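**Q** Below you will find the structure I want to go over with you.
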Amino acid sequence: MSSDDLDALALLHDPVRRSLYEAVAAGGGDVGRGEAAEAAGVSRTLAGHHLDRLVEAGLLESGFRPQEKKGPGSGRPAKVYRRAKGERSVSLPARDYAALASVLADVVDLLGAEEQAEEAARRAGARLARRHQGEPVEQVLGERGYEPYAEGGTLRLRNCPFHALAEEQPLLVCSMNLALCQGLLEGLGDDPARAGLDPRPGECCVSLKQTNIDIEG
């Protein structure tokens, strides 16, 4: 844990900054100052101040939205914000589970134990389901950091909780992630076939087909 991580995350203790950060993260891309201000229920001026503080801390990135109208009278380009690509973590005392996870992933690769790893992930999903019986799958995934959101007939996952490891071992991690989600669905009494690999840049590689219950909820 670095002092920069601690200082950055401490900024989110302020409810306005936290609301603005969540509004930008939920946007899934470039979010304007006005959009973030409306979502957080504050003025554009106040939103701009806090958004820029989050940029300084490395929690958000900023840029400018291309103007449709060019030339004189087109006005200033609109400033936009997006979630920063870097990760922040705080652990007291310091822990480094990611390093061990990377070693274990290498072991699976060396032993050619991908099928066993997928089965273990499926069982882990089933164990998770036992602790969340009666809860909708999107709520469980949300609590695990997947950031689910509905798009048409699909439940997409904006965040991959295993992002750093997935960059090292994409095939292994994505297949285990899929197996975990299928095990979770089956453990909740749902259809595991709802989950499938559907990678998108910057998002989780798994998505779920929505049911009528999801859409009504």
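The values are calculated or read from the model by the stated rules, or taken from the named source; none is laboratory data. Bear in mind the structure is a predicted one, so any value in this text is a computation, not a measurement. All Cβ positions, even for glycine, are placed from backbone atoms using ideal geometry, and neighbour counts span all protein chains on display. SASA here: full protein model, heavy atoms, side chains in, ligands and nucleic acids out. Shrake-Rupley method; radii C 1.70, N 1.55, O 1.52, S 1.80 Å.
**Q** Only one of (1) touching a residue at least 12 places away in the same chain (Cβ under 8 Å); (2) open to solvent by 70 Å² or more (accessible area, probe 1.4 Å); (3) over 20 Å from ALA101 (Cα atoms) fails for ASP198. Which number is that?
**A** Exception for ASP198: condition (2).
**Q** Here is a follow-up. Considering only the stretch 137-145, I want to know if a residue exists there that is among the polar types (S, T, N, Q) and assigned to a strand (DSSP E or B).
**A** Within the stretch 137-145, the first condition is being among the polar types (S, T, N, Q), and the residues that meet it are 139.
Add one more test, that the residue is assigned to a strand (DSSP E or B), and what stays is none.
No, the stretch 137-145 contains no residue that is among the polar types (S, T, N, Q) and assigned to a strand (DSSP E or B).
**Q** Can we say VAL42 is aliphatic (A, V, I, L, M), open to solvent by less than 60 Å² (accessible area, probe 1.4 Å), farther than 20 Å from GLY29 by Cα and part of a loop (DSSP other than H, G, I, E, B)?
**A** Working: aliphatic (A, V, I, L, M): yes; open to solvent by less than 60 Å² (accessible area, probe 1.4 Å): yes; farther than 20 Å from GLY29 by Cα: yes; part of a loop (DSSP other than H, G, I, E, B): yes.
Here the answer is yes, as VAL42 does meet what is asked.
**Q** Suppose we filter the stretch 26-39 for residues that are open to solvent by less than 20 Å² (accessible area, probe 1.4 Å) and among the basic types (Lys, Arg); how many remain?
**A** Kept after step one, since they are open to solvent by less than 20 Å² (accessible area, probe 1.4 Å), are these residues of the stretch 26-39: 31-32, 36-37.
Checking the rest, the ones that are also among the basic types (Lys, Arg) come to none.
Residues meeting the conditions: 0.
**Q** So which residues in the stretch 12-25 are open to solvent by less than 60 Å² (accessible area, probe 1.4 Å) and either under 15 Å from GLU61 (Cα atoms) or in contact with a Gly (Cβ under 6 Å, 6 or more places away or on another chain) (or both)? Full working, then the answer.
**A** Initially, the stretch 12-25 is screened for residues open to solvent by less than 60 Å² (accessible area, probe 1.4 Å), giving 12, 14, 16-17, 19-21, 23-25.
ARG17, LEU20, TYR21, ALA23, VAL24, ALA25 - these are the residues of the stretch 12-25 that are open to solvent by less than 60 Å² (accessible area, probe 1.4 Å) and either under 15 Å from GLU61 (Cα atoms) or in contact with a Gly (Cβ under 6 Å, 6 or more places away or on another chain) (or both).
**Q** Still on this structure, please answer the following. Here is a check on your reading of the model: is GLU119 over 22 Å from the mean Cα position of the chain (by Cα), more than 16 Å from ARG194 (Cβ to Cβ) and free of Cβ contacts under 8 Å to residues at least 60 places away in the same chain?
**A** On the way: over 22 Å from the mean Cα position of the chain (by Cα): yes; more than 16 Å from ARG194 (Cβ to Cβ): yes; free of Cβ contacts under 8 Å to residues at least 60 places away in the same chain: no.
It is false that GLU119 is over 22 Å from the mean Cα position of the chain (by Cα), more than 16 Å from ARG194 (Cβ to Cβ) and free of Cβ contacts under 8 Å to residues at least 60 places away in the same chain.
**Q** Now for a different question. With the condition kept exactly as written, say whether any residue in the stretch 63-86 is under 23 Å from the mean Cα position of the chain (by Cα), closer than 30 Å to MET176 by Cα and among the small types (Gly, Ala, Ser).
**A** Looking for residues that are under 23 Å from the mean Cα position of the chain (by Cα), closer than 30 Å to MET176 by Cα and among the small types (Gly, Ala, Ser), one finds at least one in the stretch 63-86, hence yes.
**Q** Anything in the stretch 154-172 that is open to solvent by less than 40 Å² (accessible area, probe 1.4 Å) and either assigned to a loop (DSSP other than H, G, I, E, B) or in contact with a strand residue (DSSP E or B) (Cβ under 8 Å, 6 or more places away or on another chain) (or both)? List them, or say none.
**A** If the condition is that a residue be open to solvent by less than 40 Å² (accessible area, probe 1.4 Å) and either assigned to a loop (DSSP other than H, G, I, E, B) or in contact with a strand residue (DSSP E or B) (Cβ under 8 Å, 6 or more places away or on another chain) (or both), then THR154, LEU155, ARG156, LEU157, ARG158, CYS160, GLN169 are the ones that fit.
**Q** Does GLU203 satisfy the condition of being within 12 Å of the chain's Cα centre (by Cα), among the acidic types (Asp, Glu), open to solvent by 40 Å² or more (accessible area, probe 1.4 Å) and closer than 27 Å to LEU100 by Cα? Don't jump to the end; show me each part of the working.
**A** Numbers: within 12 Å of the chain's Cα centre (by Cα): yes; among the acidic types (Asp, Glu): yes; open to solvent by 40 Å² or more (accessible area, probe 1.4 Å): yes; closer than 27 Å to LEU100 by Cα: yes.
The answer is yes for GLU203.
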